[in-house]
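Reviewing the structure listed below.
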Amino acid sequence: MRQEKSEVIIIGAGPSGAVAAGLLRRAGRAVTILEKQEFPRFVIGESLLPQSMEFIEAAGMLQDVVEAGFQFKNGAAFACDTKYACFDFREKLSPGWGTTYQVQRGPFDKVLADAAARMGADIRYRHEVTAVDLAGEKPVVTVRSEDGEEYALTGEFLLDASGYGRVLPALLDLETPSALPVRQAIFTHIEDGIASNPEAVFDRNKILISVHPVETDIWYWLIPFSNGRSSIGVVGRREQFDGRADMEQLVERVQEAPNLAELLKYAKWDTPARNIVGYSANVKTLWGRHFALLGNASEFLDPVFSSGVTIAFKSSDLAVKAILKQLAGERVDWEREYAEPLKTGIETFRAFVNAWYDRRLQDIIFHSGKAAPIERMISAVLAGYAWDEDNPFVAKPERRLASLEAACALV
């Protein structure tokens, strides 16, 4: 078998892999990315959070993203029947970016991957990792190329950025059940027709999260793109859907939300719908000897607050800082320097996800009497600043959410 070498091997050329490669290349390190698919490819998770821009900028990819012409985003709107609330991410407690983009992930991921390649990363599309050996002094991965040839690639460190592919969790038996209930998402892209609707009131600079007027644990996303198209999806418990065609169920569920039915009455449903069941995932550990898990390869909570890409970028940033120390000969405490800080943000988002589904956060969001400082704290978390422990909703998220919900109930 042919033998090759690199410094850092990355499995997956998606956002976390590309940003990790950019950060490593800026530090002068050799990077090989092994990507099973060809880019661009269809992926969801299209509404970025402003915190993401910090990592894109640090990786040297900001100009590439800005010049790509994606839909500007400055906040999030929430609707339930006649109730409406919105957050402007520029009005937040935490310092940093207050705007970002809403992106079709195929082109967006390709922009990041191309930027990593421009910076010198060796990206190999249609190269699949089939085995991993971590027993020696250096990690060795077995790779199958597009033409079927197998070769071994040895590196100093291995990062799994394979997203939903979850390569290392499968190969190393790291999977563990998520504590979150099994939910299903049905989604597609549409020509939304909103510009042709004279009665439509819609801010394309914000993602719209709508709640089913009766079954309040069912919610919808509407993410507008810059080309007159949108991503539309519905999320609910698995038992709230049946065996009918995905598109039939999606359209029917959208019609049950009055605000969406009116907004999308001129839409063209021109792309087959898809679904994901049981998307929440967890692992026994985020790191091990010679490896670390990035983004969705480690843990995925729920799409409701669009936290996936932000967590992925944060994991890349933390992991690369640790790798650079290690490659420089310094001792790295991976639990303290990688896993624990990453979990801070994950647990903040988890508290918000749980509060959303038990309706505490819905009651808070739609409450008309929120004080401006509280709105700025919540806005900061929704903008992705889930690691800013100066924010009480990050330092003690469960306690603060419970207290605020109780106060809203009293008012």
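The values are calculated or read from the model by the stated rules, or taken from the named source; none is laboratory data. Since we're looking at a predicted model, the values are computed, not measured. Note that each Cβ is placed from the backbone with ideal geometry, even for glycine, and that neighbours are counted across all protein chains shown.
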Checklist outcome for this item: Scanning segment 79-100 for residues that are under 20 Å from SER230 (Cβ atoms) and touching an Asp or Glu at 6+ places or on another chain (Cβ under 9 Å), the one surrounded by the most Cβ atoms within 10 Å (Cβ to Cβ) turns out to be PHE87
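For segment 123-146, which positions are in a strand (DSSP E or B) and in contact with an Asp or Glu (Cβ under 8 Å, 6 or more places away or on another chain)?
Within segment 123-146, the first condition is being in a strand (DSSP E or B), and the residues that meet it are 123-125, 128-133, 140-144.
Once the filter is applied, which keeps residues that are in a strand (DSSP E or B) and in contact with an Asp or Glu (Cβ under 8 Å, 6 or more places away or on another chain), segment 123-146 yields ILE123, ARG124, TYR125, THR130, VAL140, VAL141, THR142, VAL143, ARG144.
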Checklist outcome for this item: Residue count, segment 193-242, condition within 25 Å of VAL277 (Cα to Cα) and part of a helix (DSSP H, G or I), comes to 3
Checklist entry - Just one of ALA185, ALA170, ALA116 is under 23 Å from the mean Cα position of the chain (by Cα), in contact (Cβ under 8 Å) with a residue 12 or more places away in the chain and not in a strand (DSSP E or B); which is it? => result ALA116
Checklist entry - Which residues, taken from segment 221-240, are surrounded by fewer than 21 Cβ atoms within 10 Å (Cβ to Cβ) and either out of contact with any strand residue (DSSP E or B) (no Cβ under 6 Å at 6 or more places or on another chain) or not basic (Lys, Arg) (or both)? => result PHE225, SER226, ASN227, GLY228, GLY236, GLU239, GLN240
Item to check | Residue among ALA195, ALA161, ALA185 that alone is under 18 Å from TRP219 (Cα atoms) and either in contact with a helix residue (DSSP H, G or I) (Cβ under 8 Å, 6 or more places away or on another chain) or outside the structural domain of ALA20 (by TED's automatic domain parsing) (or both) | outcome: ALA185
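Just to be sure I understand, how many residues within segment 147-167 are closer than 22 Å to GLY308 by Cβ, assigned to a loop (DSSP other than H, G, I, E, B) and not hydroxyl-bearing (Ser, Thr, Tyr)? It would help to see each step written out before you state the result.
Applying the first criterion (closer than 22 Å to GLY308 by Cβ) to segment 147-167 yields 158-167.
Adding the requirement that they be assigned to a loop (DSSP other than H, G, I, E, B) leaves 161-162, 166.
Then keep just the ones that are not hydroxyl-bearing (Ser, Thr, Tyr); that gives 161, 166.
Qualifying residue count, segment 147-167: 2.
Being charged (D, E, K, R) and surrounded by fewer than 19 Cβ atoms within 10 Å (Cβ to Cβ) is the filter here; which residues of segment 241-256 pass it?
Quick first cut of segment 241-256, residues charged (D, E, K, R) only: 242, 244, 246, 248, 252-253, 256.
ASP242, ARG244, ASP246, GLU248, GLU252, GLU256 - these are the residues of segment 241-256 that are charged (D, E, K, R) and surrounded by fewer than 19 Cβ atoms within 10 Å (Cβ to Cβ).
Here is a yes/no grid of residues against (1) modelled with pLDDT under 95; (2) assigned to a helix (DSSP H, G or I); (3) crowded, with 22+ Cβ neighbours inside 10 Å:
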{"residue": "PHE352", "(1), (2), (3)": "no, yes, yes"}
{"residue": "ASP363", "(1), (2), (3)": "yes, yes, no"}
{"residue": "GLY369", "(1), (2), (3)": "yes, no, no"}
{"residue": "ILE378", "(1), (2), (3)": "no, yes, yes"}
{"residue": "GLY384", "(1), (2), (3)": "no, no, yes"}
{"residue": "ASP390", "(1), (2), (3)": "no, no, no"}
{"residue": "VAL394", "(1), (2), (3)": "no, yes, yes"}
{"residue": "ARG399", "(1), (2), (3)": "yes, yes, no"}
{"residue": "ALA402", "(1), (2), (3)": "yes, yes, no"}
Next on the checklist: For segment 72-111, give me each residue that is in contact with a helix residue (DSSP H, G or I) (Cβ under 7 Å, 6 or more places away or on another chain) and aliphatic (A, V, I, L, M).
Outcome noted: ALA76, ALA79, ALA85, LEU93, VAL111
